[in-house]
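Visitor: Can you keep this structure in mind? I'll have questions shortly.
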Amino acid sequence: MLRTILFRLHWGLGLTAGFVLALVGVTGALMTYEEAIGDWADRDRAFVAVQDVPRLGPQALVARVEAQHPGLTIDTLTLADDPERSPRVRFAPDAKAGARPPSAYLDPYDGRDLGPAHLEPAFATIRDLHRWLLLPGEGKGWGRSITGASALALLIFLGTGLYLRWPQIHSRRIWLKPNLRRPGRPRWWSLHTVAGTWLLPVYAAVALSGLWWSYDWYRDAATWVLTGEAPRAKPARPPRQSGSTEPPALDRAWAAFRAGDGRDASLAVVTLPRPDAGAIRIRYRIGDDTSRNEATFDRATGAQLSVARDADKTLGRRMADNMLEVHRGRFFGGLVALVFCVASLLMPLLAVSGLTLYVLRRRSARRRVRAIESGLGAAQGVNG
């Protein structure tokens, strides 16, 4: 009875949440390498020839952009240690247009706008499709509820699937090697179950990390498990003050950053302060890792106010602060990120193989019913 209930639960979820998971898997795989794909598409503007002249500082770059795009407000400026990489500027949402203008690449020597990021609108759509299926309401609508329920369904898939395929005889060949020589349902069953077994640890990590954005109670509980602390409240926005007419001291903040914690930074994202309040914030990465380091600087003097280094945190705190990278697998290194990407791309295979098994099983059941009915009809004719 338990096996029958779990079996029906497994295929019932497969006919519903399975197709959502297939869509989420493909979009998630694309987002894993969003930066690499974007660099390839923008290779004519994301990289420049190195010149034997000084590069412009952050303050000069911001001034050149503001002169070329009057009326737009700069949100962040991304600077790389690689001399061939172009700086990239991201604008704040335009109040009149009701949307964020596309970010743009800059010539590091004269501040000229080299053009927008080609695939930024496409990846914005992919991201919305992955998170809430492009349904109205965005993060507060039905789309977020559906994707969250699908993540829970994935955990149920893994548990019921493992129980249903538990063999009487244990061997690595049965568990880990598909038998594709057998025709029909046995072939599809072997492909479906063996692929699910191989991918089970990855899908468990994807589901458990994906639930972080779906349910507040889950995020609170996961934060406590990882860090032993309650979730940190977001700092209250300071009261609005009279705007300063002086531009922020970006160059002095940048010089202090490069002379201190940012001397080995491979990539830095400079967030400009708001006119009414705030400090200059620089998030930076060391090498190729996904560390989340951050330093803040006084907007008027450029003096450093604080620094938060990823290396000083516990493993649990690092995972909690970098849950997106955990979800994409990049927190564990490039090889694991590739495994996560391949596993996400294989979600449609599991959905299709599961659907094929369901159709073949229903077809076989109908044949058995017809055979029984035919046998009963023949028996009645003989008795008559």
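Visitor: What single numbered condition from (1) of a type in the set (Phe, Trp, Tyr); (2) outside any helix (DSSP H, G or I); (3) closer than 20 Å to GLU34 by Cβ fails to hold for PHE123?
Guide: Tallying (1) of a type in the set (Phe, Trp, Tyr); (2) outside any helix (DSSP H, G or I); (3) closer than 20 Å to GLU34 by Cβ, PHE123 fails exactly one: (2).
Visitor: Same structure again: Output the qualifying pairs, or none if there are none: Cβ atoms under 6 angstrom, residues six or more apart or on different chains, first residue in segment 65-81 and within 15 Å of ARG258 (Cα to Cα), second residue of a type in the set (D, E, K, R) and modelled with pLDDT of 90 or more.
Guide: Cβ pairs passing all conditions: THR78/ARG88.
Visitor: Looking for something of a type in the set (A, V, I, L, M), closer than 20 Å to ALA122 by Cα and outside any helix (DSSP H, G or I) - is there at least one such residue anywhere in segment 45-52?
Guide: yes
Visitor: If I filter segment 286-300 for residues that are outside the structural domain of ALA36 (by TED's automatic domain parsing), hydrophobic (A, V, I, L, M, F, W, C) and under 26 Å from GLU229 (Cβ atoms), do I get at least one hit?
Guide: Yes, because at least one residue in segment 286-300 is outside the structural domain of ALA36 (by TED's automatic domain parsing), hydrophobic (A, V, I, L, M, F, W, C) and under 26 Å from GLU229 (Cβ atoms).
Visitor: Now for a separate question. Restricting attention to segment 37-58, does a residue exist that is surrounded by fewer than 18 Cβ atoms within 10 Å (Cβ to Cβ) and touching a Gly at 6+ places or on another chain (Cβ under 7 Å)?
Guide: no
Visitor: Pick from LEU162, LEU155, LEU129, LEU79: which is more than 26 Å from the chain's Cα centre (by Cα), surrounded by 13 or more Cβ atoms within 10 Å (Cβ to Cβ) and either in a helix (DSSP H, G or I) or not small (Gly, Ala, Ser) (or both)?
Guide: LEU162
Visitor: State the number of residues belonging to segment 51-107 that are closer than 20 Å to ARG274 by Cβ and among the aliphatic types (A, V, I, L, M).
Guide: Within segment 51-107, residues that are closer than 20 Å to ARG274 by Cβ and among the aliphatic types (A, V, I, L, M) number 12.
Visitor: Pick out the one residue from THR32, THR73 that is modelled with pLDDT under 95, outside the structural domain of TYR105 (by TED's automatic domain parsing) and farther than 17 Å from ALA253 by Cβ. Please lay out each step first, then the result.
Guide: Numbers: THR73 fails: outside the structural domain of TYR105 (by TED's automatic domain parsing).
Answer to the selection: THR32.
Visitor: Further, regarding this structure: Return yes or no: is VAL20 in the same structural domain as LEU134 (by TED's automatic domain parsing), assigned to a helix (DSSP H, G or I) and in contact (Cβ under 8 Å) with a residue 40 or more places away in the chain?
Guide: On the way: in the same structural domain as LEU134 (by TED's automatic domain parsing): yes; assigned to a helix (DSSP H, G or I): yes; in contact (Cβ under 8 Å) with a residue 40 or more places away in the chain: yes.
Yes.
Visitor: Looking at segment 173-188, I want the residues that are touching a residue at least 40 places away in the same chain (Cβ under 8 Å) and part of a helix (DSSP H, G or I) and have a partner that is surrounded by 12 or more Cβ atoms within 10 Å (Cβ to Cβ) and not β-branched (Val, Ile, Thr) with Cβ atoms under 6 Å, at least 6 apart or on another chain. Which pairs are those?
Guide: ARG185/LEU360; TRP188/SER353; TRP188/LEU357
Visitor: Can you tell me which residues in segment 291-349 are at positive phi and touching a residue at least 40 places away in the same chain (Cβ under 8 Å)?
Guide: GLY302, GLY329
Visitor: Can I ask one more? Only residues that are of a type in the set (Ser, Thr, Tyr), surrounded by fewer than 20 Cβ atoms within 10 Å (Cβ to Cβ) and part of a helix (DSSP H, G or I): list them for segment 189-215, please.
Guide: Within segment 189-215, SER190, THR197 qualify.
Visitor: Still on this structure: Among the candidates ALA300, ALA343, ALA337, ALA311, single out the residue that is of a type in the set (Gly, Ala, Ser), part of a helix (DSSP H, G or I) and surrounded by fewer than 16 Cβ atoms within 10 Å (Cβ to Cβ).
Guide: None of the other options fit; the residue is ALA311.
Visitor: Filter segment 254-265 down to residues that are surrounded by fewer than 19 Cβ atoms within 10 Å (Cβ to Cβ) and within 27 Å of GLU66 (Cβ to Cβ) and give me whichever is nearest to the chain's Cα centre (by Cα).
Guide: If we take residues in segment 254-265 being surrounded by fewer than 19 Cβ atoms within 10 Å (Cβ to Cβ) and within 27 Å of GLU66 (Cβ to Cβ), then ARG258 is nearest to the chain's Cα centre (by Cα).
Visitor: Does LEU176 satisfy the condition of being surrounded by 13 or more Cβ atoms within 10 Å (Cβ to Cβ) and assigned by TED's automatic domain parsing to the domain that holds LEU15?
Guide: no
Visitor: Would a scan of segment 108-117 turn up a residue that is in contact (Cβ under 8 Å) with a residue 24 or more places away in the chain, within 22 Å of the chain's Cα centre (by Cα), within 23 Å of ASP39 (Cβ to Cβ) and not in a helix (DSSP H, G or I)?
Guide: Within segment 108-117, one or more residues are in contact (Cβ under 8 Å) with a residue 24 or more places away in the chain, within 22 Å of the chain's Cα centre (by Cα), within 23 Å of ASP39 (Cβ to Cβ) and not in a helix (DSSP H, G or I).
The values are calculated or read from the model by the stated rules, or taken from the named source; none is laboratory data. Just so it is clear, the model here is predicted, and its values are computed rather than measured. When we count neighbours, we look across all protein chains shown, and the Cβ atoms used for this are built from the backbone with ideal geometry, even at glycine.
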